[in-house]
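All remarks here apply to the structure that follows.
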Amino acid sequence: MATAEPAAEQRQTLRFLWLYALAAAGGAVSYVPFLTLLLPVRATEMVGDGNIDLLAYIAFAGAITASLANIGFGWLSDATGTRRPWIVAGLVLSCVLLVSVRTTSNPSELIGLVVVWQVALNMMLAPLAAWAGDVVPDRQKGFLGGLLSFAPALGAASGALVTLPGLAGPDERLVLVAALVAGMVLPVILFGRPIPMPDLTEPVTRLKNTPPRFPRGAVARMWLARLLVQIAEAALFAYLLIWLTGIDASFTDSDTARIFALVLGLSVPLALFAGRWSDRRDRPILPLAWGAGVGALGLVIMALAQGIEGAIGGYLVFGLSTSVFLALHSSQTLRVLPKPATRGRDLGLFNLTNTVPSLIMPWLTLALVPLFGFSGLFFLLAGLAALATVLLLTMPKSPAPSN
């Protein structure tokens with residue numbers, strides 16, 4: 001007669017992991033095409049040449065709102081002891097508000113609606129991120145990170161889909177995005193049925209001879225390492241086209257989009273391989289250190305590049321390595337958080353590493369590029385990525401328990 005697998009050895013079902021990855025990708029689809037394509041079009045229709053100022057106000061207000069809402073709804077899902085009702089409520093409200101953007105008639109209405117939409121969106125995203133920590137054991141977190149690499153790729157692909165010529169008008173595209181998000185998030189709610197993992201949700205009560213695998217300082221190192229890499233990522237996302245056209249004036253936005261698509265596509269199998277390797281070898285942090293380190297090398301290549309081939313090659317090295325880093329970091333962060341009871345709130349604090357770089361990066365660029373060119377900026381960003389590598393390679397571990 002077969003015996004039940006011990007809780008420490010139990011695995012989550014592949015059905016849940018794949019459906020969860022689909023829902024996480026739905027989270028990316030909920031904001032990537034809107035913020036990068038549909039919102040700029042709406043702003044241009046509304047104010048014409050004043051669109052840059054309007055988008056700047058929206059980006060600033062949205063980043064602040066998203067940061068606070070992510071922490072708040074993470075905490076609320078902790079306090080109520082449930083994730084799925086918050087996810088469903090956030091899904092419904094954010095989709096309704098997204099479709100309502102087409103009813104705005106002036107900049108104040110548009111800014112206000114986007115701010116409220118950010119609140120509803122993070123009502124969905126914060127509990128969704130914490131749910132993985134409740135039900136995915138450590139031995140599968142590398143694989144989970146690999147699956148999460150689908151999210152940015154599908155987010156970008158959704159933008160290309162909804163803007164296909166002749167498919168839908170500007171207003172109908174908002175409806176199409178909302179339908180895509182619902183179709184990607186709801187399956188895990190309805191059919192996921194994860195195996196309960198009580199050891200991942202019960203309060204931490206450690207015996208004297210069983211210390212945590214990572215001490216508390218590991219959380220700060222993981223947070224700072226992601227922040228440093230995200231600053232570099234944000235700078236490249238914002239200024240890659242400008243830099244490349246400065247090297248070769250014939251380079252177009254379409255060429256840049258193809259490079260982004262290539263990086264996102266190649267990063268998926270690479271992240272899956274690295275994640276499975278980290279699970280089998282029980283080395284969760286090493287792929288992160290390699291990702292940050294190779295990313296620093298890519299930035300150095302970019303800083304030294306004299307022609308378009310070297311520039312593109314350097315970016316491919318940087319983009320692939322940091323895409324893998326960010327995907328795996330999202331799942332391995334769940335491993336080092338100290339308290340299951342505050343997992344949602346703590347992930348909200350980690351989410352600041354996604355929003356704060358957009359506030360830091362413009363000032364770095366304005367300070368360095370006029371004096372030293374983009375090479376100076378890339379050398380600084382390489383230093384930040386190298387520092388992230390050192391933080392991860394030197395992360396202390398608790399000693400093995402004594403017998």
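The values are calculated or read from the model by the stated rules, or taken from the named source; none is laboratory data. All of these numbers come straight from a predicted model, not from anything done at the bench. Please note: Cβ atoms are built from the backbone with ideal geometry, for glycine as well, and neighbour counts cover all protein chains shown.
Looking only at the stretch 317-338, count how many residues are assigned to a loop (DSSP other than H, G, I, E, B) and either closer than 16 Å to W131 by Cβ or among the aliphatic types (A, V, I, L, M) (or both).
Of the residues in that region, 1 qualify.
Just checking, which of G112, G90, G146, G72 is under 27 Å from A257 (Cα atoms) and either assigned by TED's automatic domain parsing to the domain that holds V41 or outside any helix (DSSP H, G or I) (or both)?
Answer to the selection: G146.
To keep it simple, each residue is scored yes or no on (1) among the basic types (K, R); (2) free of Cβ contacts under 8 Å to residues at least 12 places away in the same chain.
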{"residue": "G81", "(1), (2)": "no, yes"}
{"residue": "C95", "(1), (2)": "no, no"}
{"residue": "R102", "(1), (2)": "yes, no"}
{"residue": "L110", "(1), (2)": "no, no"}
{"residue": "V115", "(1), (2)": "no, no"}
{"residue": "L144", "(1), (2)": "no, no"}
{"residue": "G169", "(1), (2)": "no, yes"}
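Please state which of the following conditions T44 fails to meet, knowing it meets all the rest: (1) buried (at least 17 other Cβ atoms within 10 Å of the Cβ); (2) more than 24 Å from V188 (Cβ to Cβ); (3) free of Cβ contacts under 8 Å to residues at least 40 places away in the same chain.
Every condition holds for T44 apart from (1).
Let's see how each residue does on (1) small (G, A, S); (2) buried (at least 18 other Cβ atoms within 10 Å of the Cβ); (3) assigned by TED's automatic domain parsing to the domain that holds G383:
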site: R221; (1), (2), (3): no, yes, yes
site: L224; (1), (2), (3): no, no, yes
site: L227; (1), (2), (3): no, yes, yes
site: E233; (1), (2), (3): no, yes, yes
site: A238; (1), (2), (3): yes, no, yes
site: T245; (1), (2), (3): no, no, yes
site: F251; (1), (2), (3): no, yes, yes
site: A257; (1), (2), (3): yes, no, yes
site: A261; (1), (2), (3): yes, no, yes
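Taking the conditions exactly as written (within 30 Å of M395 (Cβ to Cβ) and either modelled with pLDDT under 85 or in the same structural domain as G348 (by TED's automatic domain parsing) (or both)), does P215 satisfy them or not?
Here the answer is yes, as P215 does meet what is asked.
Which of the numbered conditions does G192 fail, given that it passes all the others? Conditions: (1) at pLDDT 85 or above; (2) assigned by TED's automatic domain parsing to the domain that holds V101; (3) closer than 29 Å to V99 by Cβ.
Condition not satisfied by G192: (2).
For (1) β-branched (V, I, T); (2) under 28 Å from L359 (Cα atoms); (3) over 18 Å from the mean Cα position of the chain (by Cα), each residue gets a yes or a no:
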residue: G50; (1), (2), (3): no, yes, yes
residue: A59; (1), (2), (3): no, yes, no
residue: I64; (1), (2), (3): yes, yes, no
residue: A79; (1), (2), (3): no, no, yes
residue: L97; (1), (2), (3): no, yes, yes
residue: N106; (1), (2), (3): no, yes, yes
residue: I111; (1), (2), (3): yes, yes, yes
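Given (1) in a loop (DSSP other than H, G, I, E, B); (2) within 26 Å of K339 (Cα to Cα); (3) touching a helix residue (DSSP H, G or I) at 6+ places or on another chain (Cβ under 6 Å), identify the lone condition not met by A168.
Only one criterion in (1) in a loop (DSSP other than H, G, I, E, B); (2) within 26 Å of K339 (Cα to Cα); (3) touching a helix residue (DSSP H, G or I) at 6+ places or on another chain (Cβ under 6 Å) is unmet by A168, namely (2).
Being over 16 Å from G133 (Cα atoms), modelled with pLDDT under 90, part of a helix (DSSP H, G or I) and over 22 Å from the mean Cα position of the chain (by Cα), is that true of even one residue in the stretch 33-41?
yes
Take the residues of the stretch 47-60 that are loosely packed, with under 13 Cβ neighbours inside 10 Å and not small (G, A, S): which is farthest from I111 (Cα to Cα)?
The qualifying residue farthest from I111 (Cα to Cα) is D49.
Can you tell me which residue within the stretch 79-95, out of those that are touching a helix residue (DSSP H, G or I) at 6+ places or on another chain (Cβ under 8 Å) and among the aliphatic types (A, V, I, L, M), is surrounded by the fewest Cβ atoms within 10 Å (Cβ to Cβ)?
A89
Any residue in the stretch 185-200 that is in contact (Cβ under 8 Å) with a residue 12 or more places away in the chain and surrounded by fewer than 14 Cβ atoms within 10 Å (Cβ to Cβ) sitting within a Cβ distance under 9 Å of a residue that is among the acidic types (D, E) and not in a loop (DSSP other than H, G, I, E, B)? List the pairs, counting only those 6 or more apart or interchain.
Going by the 9 Å Cβ cut-off, the qualifying pairs are P196/D134.
Can we say A132 is part of a helix (DSSP H, G or I) and crowded, with 16+ Cβ neighbours inside 10 Å?
yes
Please find, among A25, A8, A21, the residue that is part of a helix (DSSP H, G or I), more than 14 Å from L98 (Cβ to Cβ) and at pLDDT below 90.
Details: A25 fails: at pLDDT below 90; A21 fails: at pLDDT below 90.
Only one candidate passes the filter, namely A8.
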